[in-house]
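All of the numbers you see were taken from the coordinates with simple rules; none came from a lab. Model, not experiment: these values are computed from the prediction. Ideal geometry is used to build each Cβ from the backbone, glycine not excepted, and the neighbour counts take in all protein chains shown.
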Amino acid sequence: MRLLIILGLFVSLAAAETVPLRVVCTTTIISDIVKQVGGTRVQVVSLLKPGVDPHTFQPSPDDVSVIASARVVVVNGLGYEEWIEQLIKQAGMPRDRVVVATTGIEPMTAGAHRHDGHAHGSDQDPHAWHDAKNGMRYAANIRDALITADPAGEKDYSAWTELYQAQLRVMDAWIRKQVATIPPERRVLVTSHDALSYFARSYGLEVVPVEGIATGQEPNPARFSELIATLRKRGIPAVFVENSASPRTVERLGLEAGARLGGVLLADSLDTAGRLGDSYLGLFMHNTRVIVGALQ
C-alpha cells in the first residue's frame, strides 16, 4: 500500500511538471508553427478556425476569456490583426506575454511585387509567412518566447525548432525547383487579393491581385477592364481563388479574360483537418502544386 501511495505521488508530481503551456494564437498558420516548436510542452488554441478570413473576423466576448487564459499570446503583427489589441486590453494580458511572430522580418510594402506597380502608399504587407525563410524567423521568435515562459523546456524547444527549420529549408528548395518548371512568361499569379507577394518575390513570380491588401476591396470597373486586358495580352492561362475569400470576382475575371480557374490557394488560413494544406508545411506544398499544375 505504501509503495502504491509513493508511486501515486510520483505520477502526480510528474504530471504537474508536464502541465502544457497554454498558448493562444491569432491564426491557424501561427498555431501550427507553435505546435511544431512547442511539441508536447504546449497546448495551442487558435482564435480563428480554418477558412475564416482574418481581414473580416469579428471577435466575440468569449475570445476575451480565451486570451485571458493564456500564458503566451502569439500574433502575426505588421498590422494584420487590427482587432487583437482591443481583445488583449480587455483580457488584461501583460504586454510582455504577447509575442509578435514577425519581429526581425523586413516587411514588404503592400503592392510592391505587383507587375503593374500600383502600391498602397506605405502600408506594410503582413503576409510574411508565404516565404519559407520568413517562416524560419517565425519559429525562432516563437522558440525564444516559449523558453522565456518555460525555461525548463529550453532544450526541447531548441531541438524542435532546429528540426522544423531544417524542414522549412528543404521546402524552400523544393518550391524553387518546382516553380522553375513553369515557362518564364507564365509565372504570373492572378489571385483574389494581394496576399502572395512574399511568395512571388522569393520564388520568382509576379502577382496580379484582383483585390487589395485586404479582402473586400473589389476593383472599380476601369481597373477590372484593365485586368481583363492584361490577362488577354499576356496570355495568362489561369486565375486562382483563395480558401478564405469570396471567389466571385476572380471567377468573373477569368471567364471574361478567357482564363480557366487554376484552383484554390491557401492565403490567410490553413485547410481543414485531414487535407494536405492543414499544416504550414502542407500549405506550401498545396499552393505550389496548384500553381505549378495550372501554369505549366
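If packing is taken as the average number of other Cβ atoms within 10 Å across a peptide's residues, how do 86-96, 147-157 rank, most packed first? If you can, show how the numbers build up before the last one.
Values: 86-96: 13.7, 147-157: 15.8.
Sorting 86-96, 147-157 by mean packing, highest first, produces 147-157, 86-96.
Find the lysine pairs in the chain meeting two conditions, Cα atoms under 24 Å apart and a separation of 8 or more places or different chains, and report how many there are. Can you show the working numbers first?
Numbers: 35/49; 35/133; 35/155; 49/89; 133/155; 133/177.
Taking the chain as the scope, the lysine pair count is 6.
Report the extension gain between residue 86 and residue 71 in nm, rounded to one decimal, defined as 0.36 nm multiplied by the number of residues separating them, less their alpha carbon distance. Mind dumping the intermediate values first?
On the way: separation 15, 0.36 × 15 = 5.40 nm, distance 1.79 nm.
Extra length available between residue 86 and residue 71 comes to 3.6 nm.
Averaging 1/r over each pair of different alpha-carbon atoms in segment 179-295 and inverting the result gives 14.2 Å, the Kirkwood hydrodynamic radius. Comparing 256, 81, 242 in a Gaussian network model of the chain (Cα springs below 10 Å), the most mobile by mean-square fluctuation is 256.
Note the per residue figure in Å³ for the convex hull of the C-alpha positions in segment 149-210.
Working: hull volume 6.0 nm³, N = 62.
It comes to 97 Å³ per residue, whole-number rounded.
GNM on the chain, alpha-carbon springs under 10 angstrom: the most fluctuating residue among 78, 283, 163 is 163. Under a Gaussian network description of the chain, with springs only between Cα atoms under 10 Å, the residue in 36, 165, 178 that fluctuates furthest is 178.
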